[in-house]
Every structure is written in structure tokens, then in C-alpha cells.
Amino acid sequence: AVVAPVIAIDGPSASGKGTVAARVAAALGWDYLDSGALYRLTALAAQKAGVAWDDEAGVAALAASLDVSFAEGEVCLAGEDVGDAIRSEDISGGASAVAALPAVREALLFRQRAFRVAPGLVADGRDMGSVVFPDARVKVFLTASAEVRAERRYKQLIEKGFSASLDKILQELRTRDERDSQRAVAPLQQNVDAQLLETSNLTIEQAVAQVLAWQQACGADS
Ligand code: CDP
Ligand code: CDP
């Protein structure tokens with residue numbers, strides 16, 4: 001059987017991975033996987049169940065049995081729309097904490113691979129090209145300076161009507177970058193076989209166009 005092609009987009013927080021990945025998927029008519037949402041949902045499920053974020057066996061059991069659905073931009077946990085709840089600062093920290101536990105990553109591995117269906121998948125996260133889809137046809141490491149990323153996250157929050165502090169966001173972002181890069185399993189890093197996409201001075205449209213150009217350069221079988 002022919003396996004569906006994958007475009008893997010990895011990179012640090014607020015670099016624009018999700019936005020670019022979703023637009024590339026829409027342009028190609030492919031599915032889109034926000035792998036970070038699975039870690040966020042796991043952290044939220046643990047919080048709801050009263051399981052501590054450092055209880056590896058407990059959190060991994062929850063990750064393996066997560067009742068999630070993604071439909072029309074909604075993220076549901078046990079039928080409840082938790083799209084906003086999983087974006088809170090608290091759950092962002094929790095996601096990064098549970099993501100450092102090997103048993104949790106193992107439990108989510110097969111769930112992520114199940115998203116690979118024809119005609120193709122665009123997946124974003126930290127280890128899409130290195131661990132989850134090592135045979136991805138296009139691998140991108142999408143990044144931007146910490147200052148630009150903090151600014152992007154800040155604008156995003158203000159536009160949604162939340163109050164936010166740019167300094168605090170920058171600080172939180174650096175803490176999470178550090179933890180995501182230093183952990184023993186699947187650390188955030190640019191893989192040797194990934195194309196670097198530095199977007200500090202690129203618009204979303206330019207970043208999307210670059211990924212589509214790399215995809216086209218890989219052969220036009222889809
Ligand atoms: O949107 P942002 O980049 O800030 O975060 P996210 O992609 O939603 O991921 C939330 C957290 O989950 C990250 O801080 C990572 O620790 C973890 N994560 C991971 O370890 N591996 C992935 N493939 C995706 C996310
Ligand atoms: O998924 P990730 O955390 O990497 O980032 P995101 O939520 O997709 O993007 C963060 C914000 O940056 C969004 O509001 C995007 O519209 C914005 N962005 C931008 O302003 N310029 C870019 N070149 C890419 C993203």
C-alpha cells in the first residue's frame with residue numbers, strides 16, 4: 001500500500017508553525033495535525049482527574065485513553081469544547097511538563113500516526129520530522145527570534161481580548177523553550193534533514209509559499 005505523504009513542521013513556541021501548517025494543509029487539501037494540542041489535552045485531562053503532572057504512569061494512562069475529537073476548528077475533550085482552556089498559561093506549562101515524560105510520548109505516538117491518511121497530512125509540533133513521521137517527505141524547522149515570537153503571541157492574545165504582558169510572555173516562552181530543548185526525549189532541535197525556515201522577517205504568506213515550494217520540489221505525485 002502507498003503511505004500518505006507527510007509534511008512535518010517543527011519549531012519553538014509561537015513561531016507560527018500552527019498557522020503555517022494549517023494554511024499549507026488547506027492549500028493542498030490535506031489533513032492537519034496539531035500535535036501540541038494532544039499534549040495540552042493530556043495536561044488538562046490530568047488536571048481534571050486530579051492526577052499530578054509528574055505522575056508518569058498516571059498521566060500516560062490518561063494519554064492512552066484520551067477521548068478527543070477535532071472538527072471544524074474545535075478541540076473537544078469528552079465532548080466538551082476545550083479550545084480556549086487548553087491555551088491557558090497554566091495548561092501550556094502543564095503540557096510542557098507532561099511532554100517530558102517518556103511514557104506519555106509513547107502513549108501519544110500511535111494516536112498521532114493515526115492521523116496520517118490520504119491524500120496527505122501536514123503535522124506541526126516538536127518531533128514530527130524526527131520521531132513521529134521520520135519518513136516525512138518535507139521536514140521544516142520553522143523558527144523566529146524569541147522577541148519576534150513573544151510579540152506574535154502578545155498580539156494574538158490582545159486580539160482575542162485578553163490582557164497580556166509582553167515581558168511575561170517573553171519570560172514564559174524562554175522557560176518553555178529551555179525545558180523543551182533540554183529534555184532527554186525528543187528535545188526541540190533542528191534535525192539535520194530539516195529545512196530551516198527563519199520567519200522573523202517573513203509574512204505568513206511568504207512562509208506558506210516557501211513550504212509549498214519545497215513540497216512541489218519533492219515531486220508532483222499529489
Ligand atoms: O503553540 P506552542 O508552540 O506554544 O505549543 P504547542 O505546540 O501547542 O505545544 C505545547 C507543548 O507540548 C510544548 O511546550 C511541548 O513541550 C509539547 N510538545 C511536544 O513535546 N511535542 C510535540 N510534538 C508538540 C508539543
Ligand atoms: O503554532 P505556534 O505556536 O508556533 O504559532 P501560531 O499560533 O501559529 O502563531 C503565532 C502568531 O504569529 C499567530 O497570530 C500568527 O498569525 C502570527 N504569525 C505572524 O505574525 N507572522 C508569521 N510569519 C507567522 C505567524
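The values are calculated or read from the model by the stated rules, or taken from the named source; none is laboratory data. These numbers were taken from a predicted model, which means no experiment stands behind them. Here the Cβ is made from the backbone with ideal geometry for all residues, glycine too, and neighbour counts use every protein chain on show. In case anyone asks, the SASA skips ligands and DNA or RNA and just uses the protein heavy atoms, side chains included. Shrake-Rupley method; radii C 1.70, N 1.55, O 1.52, S 1.80 Å.
Find the strands (runs of 3 or more DSSP E) located wholly in the stretch 1-112 whose residues include 3 or more that are closer than 28 Å to Ser163 by Cβ, and list them.
74-77
For the stretch 196-207, state whether one or more residues are within 14 Å of ligand 1 (Cβ to nearest atom), hydrophobic (A, V, I, L, M, F, W, C) and part of a helix (DSSP H, G or I).
Checked against the condition, which is being within 14 Å of ligand 1 (Cβ to nearest atom), hydrophobic (A, V, I, L, M, F, W, C) and part of a helix (DSSP H, G or I), the stretch 196-207 yields no hits at all.
From Val20, Val6, grab the single residue that is within 16 Å of the chain's Cα centre (by Cα) and within 15 Å of ligand 2 (Cβ to nearest atom).
Val20
I'd like to verify a number: residues in the stretch 102-116 that are buried (at least 20 other Cβ atoms within 10 Å of the Cβ) and free of Cβ contacts under 8 Å to residues at least 60 places away in the same chain, how many?
The qualifying residues number 1.
Of the residues Pro119, Pro134, Pro187, which single one is open to solvent by less than 80 Å² (accessible area, probe 1.4 Å), closer than 17 Å to Ala4 by Cα and within 14 Å of ligand 1 (Cβ to nearest atom)?
It is Pro134.
Given (1) modelled with pLDDT of 90 or more; (2) away from ligand 1 (no atom under 11 Å from the Cβ), identify the lone condition not met by Phe162.
So the condition that Phe162 fails would be (1).
Considering only the stretch 156-178, I want to know if a residue exists there that is open to solvent by 40 Å² or more (accessible area, probe 1.4 Å), closer than 22 Å to Ala26 by Cβ and either touching a helix residue (DSSP H, G or I) at 6+ places or on another chain (Cβ under 6 Å) or within 9 Å of ligand 2 (Cβ to nearest atom) (or both).
For the stretch 156-178, residues open to solvent by 40 Å² or more (accessible area, probe 1.4 Å), closer than 22 Å to Ala26 by Cβ and either touching a helix residue (DSSP H, G or I) at 6+ places or on another chain (Cβ under 6 Å) or within 9 Å of ligand 2 (Cβ to nearest atom) (or both): present.
Read through the list (1) within 13 Å of ligand 1 (Cβ to nearest atom); (2) surrounded by fewer than 22 Cβ atoms within 10 Å (Cβ to Cβ); (3) farther than 22 Å from Leu173 by Cβ; (4) not β-branched (Val, Ile, Thr), then give the number of the only condition that Gly79 fails.
It is condition (1) that Gly79 fails.
Any idea which residue in the stretch 138-151 is nearest to ligand 2 (Cβ to nearest atom), counting only those that are open to solvent by 10 Å² or more (accessible area, probe 1.4 Å) and within 17 Å of Ala22 (Cα to Cα)?
Within the stretch 138-151, the match that is nearest to ligand 2 (Cβ to nearest atom) is Thr143.
Out of the residues in the stretch 23-50 that are buried (at least 18 other Cβ atoms within 10 Å of the Cβ) and without any contact (Cβ under 8 Å) to a residue 60 or more places away in the chain, which is nearest to the chain's Cα centre (by Cα)?
Here the answer is Ala37.
Residues checked against (1) within 15 Å of ligand 1 (Cβ to nearest atom); (2) touching a helix residue (DSSP H, G or I) at 6+ places or on another chain (Cβ under 6 Å); (3) among the aromatic types (Phe, Trp, Tyr):
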site	(1), (2), (3)
Val20	yes, yes, no
Asp31	no, no, no
Ala37	yes, no, no
Ala71	no, no, no
Asp84	yes, no, no
Glu106	yes, no, no
